[in-house]
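What follows is calculated from the coordinates using simple rules that are stated; it is not laboratory data. This is a predicted model, so every value here is computed, not measured. Ideal geometry is used to build each Cβ from the backbone, glycine not excepted, and the neighbour counts take in all protein chains shown.
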Amino acid sequence: TPISTLRKAREIGFKAGLKYVYEGNVPGEGGENSYCPSCKEILIERFGYSISANLIKDSRCPKCNALIEGVWS
């Protein structure tokens, strides 16, 4: 799938109200991480198929303390 198609799909997801949309299997292209919807801090850092960092603590953003809904373990 072309990166441009994945980017477009990600934007459609955000416009539809999804909060944690990311582009999969495109390492280094900038769309593979999940961000806090409040402050835009990285919450889940990915590279390829791997999660390199899960920064969510107790369902909260580590920077602004916003509630991050979902199952993150």
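The table below gives the values:
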{"quantity": "In the stretch 32-55, the residues that are closer than 21 Å to P2 by Cβ and surrounded by 16 or more Cβ atoms within 10 Å (Cβ to Cβ)", "calculated": "E32, N33, R46"}
{"quantity": "Number of positions in the stretch 25-43 that are part of a loop (DSSP other than H, G, I, E, B) and closer than 21 Å to K63 by Cβ", "calculated": "10"}
{"quantity": "Where a residue in the stretch 54-68 is over 12 Å from P37 (Cβ atoms) and its partner, wherever it lies, is among the β-branched types (V, I, T) and surrounded by 12 or more Cβ atoms within 10 Å (Cβ to Cβ), with Cβ under 7 Å and at least six apart", "calculated": "N54/I44; L55/I42; I56/I68; S59/I68; R60/I68"}
{"quantity": "In the stretch 1-24, residue farthest from the chain's Cα centre (by Cα) [restricted to those that are assigned to a loop (DSSP other than H, G, I, E, B) and surrounded by 12 or more Cβ atoms within 10 Å (Cβ to Cβ)]", "calculated": "G24"}
